[in-house]
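Engineer: The structure's right below; bear with me while I get my questions together.
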């Protein structure tokens with residue numbers, strides 16, 4: 001079983017991350033724009049090219065695990081993998097059940113990505129209470145106590161906030177999200193003020209909300225950050241205990257192979 005290679009798909013509102021995995025490790029990954037207007041053939045051909053670049057042939061792939069928050073993408077990917085790789089995709093949590101107790105009031109409303117990252121965080125942490133912060137299209141906080149998913153928060157995302165500022169104000173300069181220093185200070189230019197406001201603003205949001213959630217959950221909390229801006233925010237955010245860039249893909253891997261680390 002350790003030689004089996006599977007696709008991993010993290011289908012988000014903005015981008016789709018495509019990775020490869022065996023039982024023991026995550027392989028290379030690639031990011032494409034999420035395009036539900038594409039066809040099974042167009043996606044299948046892209047996947048063939050990704051396999052070629054990553055050093056795989058279609059016969060290496062035995063299946064795929066998918067977390068998707070874009071339902072129109074699901075039949076497209078399913079058909080693409082079936083036609084070009086002669087294997088099936090399994091979607092979380094419909095096809096593969098996660099070993100985590102979903103305490104959401106309406107469990108079916110939880111995004112697959114949030115459940116998978118909560119499960120993955122639970123698998124890698126020994127702390128009783130954990131909060132997973134995912135810096136994606138939205139910034140989400142997901143709380144786990146013991147083996148129970150307790151729900152969380154959904155806040156604006158770094159990139160969506162940046163786009164909102166850029167599109168709504170004609171005179172604003174291009175926002176790079178690059179800091180000259182990790183110490184906050186009054187911005188000396190409009191660009192500097194914007195970059196500091198976004199990065200330190202999101203860091204302060206994480207610090208404040210995680211503390212309030214910790215008070216509600218009771219006891220110490222380990223905060224795990226993931227998503228595209230996790231490393232950048234973690235440089236200036238005291239609340240983040242660890243950064244796990246492949247947390248969701250690892251959750252897909254562990255769920256597919258039945259691993260509870």
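Throughout, read-outs are computed from the coordinates displayed, never taken from laboratory work. Predicted model, so just to flag it, every value in this text is computed and none were measured. Note that each Cβ is placed from the backbone with ideal geometry, even for glycine, and that neighbours are counted across all protein chains shown.
Engineer: Could you sort 191-199, 6-14, 97-105 so that the peptide with the highest average Cβ count within 10 Å comes first and the rest follow in order?
Structural biologist: The densest-packed peptide leads the list: 6-14, 191-199, 97-105.
Engineer: Binning at 5 Å from 0, report for region 118-261 what percent of all alpha-carbon pair distances ends up in each bin.
Structural biologist: Per 5 Å bin, starting at zero, the Cα-Cα P(r) for region 118-261 comes out as 2, 10, 19, 20, 18, 13, 9, 6, 3, 1, 0 percent.
Engineer: Continuing with the same structure: Which percent, nearest 5, of DSSP beta bridges in the chain are antiparallel?
Structural biologist: Working: 27 of 47 bridges.
So the antiparallel bridges amount to about 55 percent of the total.
Engineer: Okay, moving on. I'd like the distance separating the alpha-carbon centroids of region 220-238 and region 93-120, in whole Å.
Structural biologist: Cα centroid to Cα centroid, the span is 22 Å.
Engineer: Which values, in whole Å and largest first, are the semi-axes of the equivalent ellipsoid of region 1-149 obtained as the square root of 5 times each eigenvalue of the Cα gyration tensor?
Structural biologist: In descending order, the three semi-axes are 28, 17, 13 Å.
Engineer: With angles folded into 0 to 90 degrees, how steeply does helix 158-168 sit against the dominant principal axis of the chain? Use alpha carbons for both and round to 10.
Structural biologist: Between helix and principal axis, roughly 70 degrees.
Engineer: While we're here: Would you kindly state how much longer the chain becomes between residue 31 and residue 49 on full extension, computed as 0.36 nm times their sequence separation minus their alpha carbon distance, in nm to one decimal?
Structural biologist: Values: separation 18, 0.36 × 18 = 6.48 nm, distance 1.29 nm.
Taking 0.36 nm per residue and subtracting the Cα distance, the gain is 5.2 nm.
Engineer: Enter the Cα centre distance for the pair region 1-55 and region 68-88, rounded to the nearest angstrom.
Structural biologist: 11
Engineer: Right, another one. Does anyone have the angle between helix 73-85 and the longest principal axis of the chain? Alpha-carbon axes, 0 to 90°, nearest 10?
Structural biologist: It is inclined by approximately 40 degrees.
Engineer: Calculate how large, on average over all directions, the projected area of the Cα convex hull of region 5-91 is; give the answer in nm² to one decimal.
Structural biologist: On the way: hull surface 19.1 nm².
Mean projected area of the Cα convex hull: 4.8 nm².
Engineer: Using 1/(1 + (r/R0)^6) with R0 = 41 angstrom and r between the beta carbons of residue 57 and residue 231, what's the FRET efficiency to the nearest 0.05? Provide the component values of the computation, followed by the final result.
Structural biologist: On the way: r = 33 Å, r/R0 = 0.81.
FRET efficiency, residue 57 to residue 231: 0.80.
Engineer: Order the peptides 33-44, 15-26 from the highest to the lowest mean number of other Cβ atoms within 10 Å of their residues.
Structural biologist: Ranked from most to least packed, the peptides come out as 15-26, 33-44.
Engineer: Something else about it: So for each of 133-145, 56-68 I average, over its residues, the number of other beta carbons within 10 Å; can you give me the resulting order with the highest mean first?
Structural biologist: 133-145, 56-68
Engineer: Taking the Cβ-Cβ separation of residue 24 and residue 87 as r and a Förster radius of 22 Å, what is the calculated FRET efficiency to the nearest 0.05?
Structural biologist: Approximately 0.65, to the nearest 0.05.
Engineer: In addition: Largest first and in whole Å, what are the equivalent-ellipsoid semi-axes of region 61-130 based on the Cα gyration tensor, each being the root of 5 times an eigenvalue?
Structural biologist: Details: eigenvalues 143, 43, 15 Å².
Semi-axes, largest first: 27, 15, 9 Å.
Engineer: Continuing with the same structure: Once the piece of chain linking residue 109 and residue 190 is laid out straight, how much longer is it, given 0.36 nm per residue of separation minus the C-alpha distance between them?
Structural biologist: So the extension gain works out to 25.1 nm.
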